[in-house]
1. Taking only pairs six or more apart or across chains, which ones have beta-carbon atoms under 6 Å, a first residue in region 255-266 that is at negative phi and without any contact (Cβ under 8 Å) to a residue 40 or more places away in the chain, and a second residue that is open to solvent by less than 50 Å² (accessible area, probe 1.4 Å) and not in a loop (DSSP other than H, G, I, E, B)?
2. Conditions first: (1) outside any helix (DSSP H, G or I); (2) open to solvent by less than 20 Å² (accessible area, probe 1.4 Å). Residue 352 passes all but one, so which condition is the exception?
3. Kindly provide the set of residues from region 208-227 that are among the charged types (D, E, K, R) and exposed (fewer than 15 other Cβ atoms within 10 Å of the Cβ), ordered by number.
4. Residues in region 106-127: is at least one surrounded by 16 or more Cβ atoms within 10 Å (Cβ to Cβ) and under 23 Å from the mean Cα position of the chain (by Cα)?
5. For region 213-222, state whether one or more residues are more than 23 Å from residue 382 (Cβ to Cβ), within 10 Å of the ligand (Cβ to nearest atom) and not small (Gly, Ala, Ser).
6. Checking residue 367 against (1) away from the ligand (no atom under 15 Å from the Cβ); (2) over 26 Å from residue 294 (Cα atoms); (3) among the hydrophobic types (A, V, I, L, M, F, W, C), only one condition comes out false. Which one?
7. With the checklist (1) out of contact with any Gly (no Cβ under 7 Å at 6 or more places or on another chain); (2) open to solvent by less than 10 Å² (accessible area, probe 1.4 Å) in hand, flag the one item residue 312 doesn't pass.
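The values are calculated or read from the model by the stated rules, or taken from the named source; none is laboratory data. Just so we're clear, the structure is a prediction, and the values are computed from it rather than from any experiment. Counting neighbours? That spans all protein chains shown, and the Cβs are built from the backbone with ideal geometry, glycine included. All accessible areas refer to the heavy atoms of the entire protein, side chains included, with ligands and DNA or RNA removed. Shrake-Rupley method; radii C 1.70, N 1.55, O 1.52, S 1.80 Å.
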Amino acid sequence: MNFAVIGAGAAGCAATYTLSKNGHRVQVFDGADAVGGRTRHIQREGFSLPSGALFLMEGLYPRATALIEEMGRRRELIPWGGETQLIDEGGRRYAVNFVRMMTYLSLPVLTFADKLRLLMTGAKLMLSPSPKNPFDGADLAPFDKGDNVEAWARSNLGDRGFDYIIRPMMDFLTAAPSRELATAFPLAMVKNALKIKLSVPPQGMGQICDWMIAASPGAKLHLSTPVERVERQGSGYRVVTKAGEVHDVDGVVFATEAFESARLMEGFLPQAPADKLVHLRYGKYATVSLAYKRNPWPDFPADMVLPAGKQISINCLILNSRRQPGSVPPGGELVTIYFTSPFLETMSDEDIRRESIEAVTRVFGPAPEPDFVHLFVYPRGISYSSPGTYARMDSVHGELPPGIRLAGDYFANNSVETAISSGERAGQALHRFSQVKAIAGQ
Ligand SMILES: Cc1cc2nc3c(=O)[nH]c(=O)nc-3n(C[C@H](O)[C@H](O)[C@H](O)COP(=O)(O)OP(=O)(O)OC[C@H]3O[C@@H](n4cnc5c(N)ncnc54)[C@H](O)[C@@H]3O)c2cc1C
């Protein structure tokens, strides 16, 4: 059959790969001039700048890992240590490993009572049932009891447990305020933390999308081709691009942001799913790259720094020569800085740039001016998994017209695993749809 996929981020590429693998022709549309969406890297003066995603969590990304394995690419992944320094408002620094929970227990700011509380809560968690996959909304929904991360953590782990462990980790992983997030995701992460191994494709996370498209012989890419709307056409659908081209297809995977998918389907999407997609909360997001042709801090003892204690606008600073060696020219360094959503709402690009430059010297030490600073700003770039969101979004699948599927990270948590698993599922659902139609002789 002939299908369309709108959006060539990780979700759309996984849908394309799955449909193509099952023998379908796929027309893939993206408004950008390359595939990858928020996993894309931009090349500038010998540096490869990440616009978003940084690493895979093998062990916790079952579908992403399985597809990479199936494409014969797993051995290309570069492991990453994720050695971390926490720094608080007093400038005190603490060495931990981002994904090894036990390393946080040695934090000197924690009292004996704090540590006991952490261990007891951890033990209780280990003994309680939990979602199989922290990046799957359907798995998370039954464990979302309506409480929020900050309230849960402060009452179960204490203020220091929240300020030095849960918040730094959650700010970095979600870029959204913990008081607005459901607990199911962090609890599943903590419970499964021992399984996590961080890794990066040699050319950055966007390379996974390149791999998926290269492994999709049935796909025809339409880049720099934003879609304007989709209409019903006979028993199928008509995709209308902004430039006015039309493409008639048997079914469509919408793999854009939730609100954009709803807009594209205006006219035939029932009210109930439309409301859920339009009202899903999104926050502003910014990533800043500071490029140094000569590395000012070759001996810095960690790969990344997370602000702890009092919350500030920045949630992480990463030294990319350690994470992805090929992303910097020899002898250079690239720092990427990540901001937390609510602070950004009142910040101009100039504020973001100034705060980034100040933070770099405060955190890593004195340095000359960077050779250049590059900003990626997404006005609505991060969806919030607030209490109730997993179940609400999961219910949308059952409310879609025949031949229409949705994919995107907003079905669970902003992650390549959620995007890929939702794209794969959308592709599988349209493949089943084609089989039913074939049996019915349509
Ligand atoms: C700063 C940052 C850091 C992150 N770090 C990590 C990480 O380390 N690990 C991890 O797993 N995840 C990380 N994530 C999350 C991860 O990047 C995303 O969850 C994932 O890339 C989302 O994929 P997607 O396909 O759902 O959406 P997107 O990547 O946003 O793709 C949507 C695509 O749709 C296209 N589009 C939109 N409207 C139209 C239209 N009308 N017509 C045609 N095309 C359209 C867009 O151009 C885009 O390419 C991070 C995200 C950000 C922002």
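1. 262/274; 262/277
2. The one condition residue 352 does not meet is (1).
3. So in region 208-227, the residues among the charged types (D, E, K, R) come out as 210, 220.
Result: 220, single match.
4. no
5. Initially, region 213-222 is screened for residues more than 23 Å from residue 382 (Cβ to Cβ), giving 213-222.
Filter once more, keeping what is within 10 Å of the ligand (Cβ to nearest atom): 222.
Pick out the ones that are also not small (Gly, Ala, Ser) and you get 222.
The answer is yes; a qualifying residue exists.
6. (2)
7. Going through (1) out of contact with any Gly (no Cβ under 7 Å at 6 or more places or on another chain); (2) open to solvent by less than 10 Å² (accessible area, probe 1.4 Å) one by one, residue 312 breaks only (2).
Here is a yes/no grid of residues against (1) assigned to a helix (DSSP H, G or I); (2) within 21 Å of residue 419 (Cα to Cα); (3) not assigned by TED's automatic domain parsing to the domain that holds residue 424:
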| site | (1), (2), (3) |
| --- | --- |
| 122 | yes, no, yes |
| 133 | no, yes, yes |
| 140 | yes, yes, yes |
| 156 | yes, no, yes |
| 162 | yes, no, yes |
| 171 | yes, yes, yes |
